[in-house]
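J.: Pasting a structure below so you can have a look.
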Amino acid sequence: MDLSLIPIIVIVLYLLSSIKILAEYERGVIFRLGRVLDKPKGPGVILVFSPIDRMVRLSLRVEAMEVPAQDVVTRDNVTVKVNAVIYFRIVEPTKAVIEVANYLYATSQLSQTTLRSVLGEVELDELLGQREKLNVKLQSALDQHTGPWGVKVAMVEVKQVDLPDQMIRAIARQAEAERERRAKIIHAEGEASAAANLEKAAEMMARQPAAIQLRYLQTLVEIGSEKNTTVVFPLPMDILTSLGQVLRKLAGPEPGATPS
């Protein structure tokens with residue numbers, strides 16, 4: 001083997017080892033002699049001449065990170081366990097490498113502290129009933145702090161809220177009392193509506209006495225269709241009225257009344 005070919009082979013192997021391929025979603029931050037280049041490289045084929053150059057490979061895809069359950073004391077002094085999920089991505093690869101040592105760890109720790117601080121300022125009812133509002137507030141707070149790191153927090157979702165057993169029973173009693181209150185209100189409104197309709201019906205029957213007889217007959221038909229042993233004797237109301245007038249005449253004038 002010709003010794004003059006050895007340097008050529010070494011150079012070829014060095015050039016081949018310097019070729020790096022970055023996917024469409026990847027970027028490479030290049031440090032040349034310790035100084036970072038202005039723009040990250042990629043995607044596609046790039047050259048990294050080590051040991052002069054050092055490349056840090058980053059992914060620009062959206063990443064989902066689960067925030068471990070945190071003990072949160074709400075503003076009305078209720079202790080709950082809350083966990084969440086955050087979705088974020090790198091928008092400036094150079095900052096994600098230079099400004100923070102480990103952007104994944106830093107984002108995870110920041111999300112835990114932000115979750116406790118933001119949810120600690122709201123009451124339990126707001127935590128349970130206004131999830132969307134709190135998600136936006138958490139996203140805004142996290143994005144404000146991760147922006148200088150080149151990390152964009154796209155969305156935050158409160159995943160689960162674990163309540164103490166005593167609080168669950170108290171909420172159940174509150175919900176039951178609320179349903180009873182609504183039921184009583186609906187029943188009272190129904191009684192008022194029924195009384196108004198009965199008043200209108202009484203006025204119509206007073207103008208047409210024969211309508212009362214028709215109601216008697218309809219009631220008899222309804223009772224007879226049930227095949228029961230009840231015996232009903234319809235008694236017209238005008239007979240009772242006439243009978244009352246006769247009894248008052250027989251009883252004579254009331255004591256102390258002035259005879260006409």
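J.: Would you tally the residues in segment 124-143 being more than 17 Å from residue 175 (Cβ to Cβ) and either exposed (fewer than 15 other Cβ atoms within 10 Å of the Cβ) or touching a Phe, Trp or Tyr at 6+ places or on another chain (Cβ under 6 Å) (or both)?
T.: Counting residues in segment 124-143 that are more than 17 Å from residue 175 (Cβ to Cβ) and either exposed (fewer than 15 other Cβ atoms within 10 Å of the Cβ) or touching a Phe, Trp or Tyr at 6+ places or on another chain (Cβ under 6 Å) (or both) gives 6.
J.: Only residues in segment 186-202 that are in contact (Cβ under 8 Å) with a residue 40 or more places away in the chain count as the first member; pair them with residues that are surrounded by fewer than 10 Cβ atoms within 10 Å (Cβ to Cβ), Cβ under 9 angstrom, at least 6 apart or cross-chain, and list the lot.
T.: The qualifying pairs do not exist here.
J.: Got a sec? Which of 67, 161 is on the phi < 0 side of the Ramachandran plot, touching a Ser or Thr at 6+ places or on another chain (Cβ under 6 Å), outside any helix (DSSP H, G or I) and not acidic (Asp, Glu)?
T.: Sole residue among the options that is on the phi < 0 side of the Ramachandran plot, touching a Ser or Thr at 6+ places or on another chain (Cβ under 6 Å), outside any helix (DSSP H, G or I) and not acidic (Asp, Glu): 67.
J.: Within segment 214-229, is even one residue on the phi > 0 side of the Ramachandran plot and at pLDDT below 70?
T.: yes
J.: Let me ask another. Contact list please: Cβ distance under 9 Å, first residue in segment 128-140 and touching a residue at least 60 places away in the same chain (Cβ under 8 Å) and outside the structural domain of residue 86 (by TED's automatic domain parsing), second residue among the basic types (Lys, Arg) and surrounded by fewer than 15 Cβ atoms within 10 Å (Cβ to Cβ), pairs at least six apart or on different chains.
T.: Hits for this filter: zero, empty list.
J.: Report, by residue number, each residue of segment 105-127 that is touching a residue at least 40 places away in the same chain (Cβ under 8 Å) and not charged (D, E, K, R).
T.: Within segment 105-127, 106, 107, 108, 111, 112, 115, 119, 120, 122, 124, 127 meet the criteria.
J.: Counting only residues that are within 15 Å of the chain's Cα centre (by Cα), give me the helices (runs of 4 or more DSSP H) lying completely in segment 92-141 with at least 3 of them.
T.: It comes to 124-129.
J.: Among 36, 85, which is over 23 Å from residue 154 (Cα atoms) and among the β-branched types (Val, Ile, Thr)?
T.: 36
J.: Taking the condition of being surrounded by fewer than 10 Cβ atoms within 10 Å (Cβ to Cβ) and among the β-branched types (Val, Ile, Thr), how many residues in segment 189-219 meet it?
T.: Looking only at that region, the number is 0.
J.: Out of 188, 170, I need the residue that is in a helix (DSSP H, G or I), among the small types (Gly, Ala, Ser) and under 30 Å from residue 77 (Cβ atoms). Which one?
T.: 170
J.: Still on this structure, I have one more. Return a yes/no flag: does segment 108-116 have any residue that is in contact with a Leu (Cβ under 9 Å, 6 or more places away or on another chain), surrounded by 15 or more Cβ atoms within 10 Å (Cβ to Cβ) and closer than 30 Å to residue 172 by Cβ.
T.: The answer is yes, given that some residue of segment 108-116 is in contact with a Leu (Cβ under 9 Å, 6 or more places away or on another chain), surrounded by 15 or more Cβ atoms within 10 Å (Cβ to Cβ) and closer than 30 Å to residue 172 by Cβ.
The values are calculated or read from the model by the stated rules, or taken from the named source; none is laboratory data. No experiment lies behind these values; they were computed from the predicted model shown. No Cβ is skipped: glycine too gets one built from the backbone with ideal geometry, and neighbour counts run over all protein chains shown.
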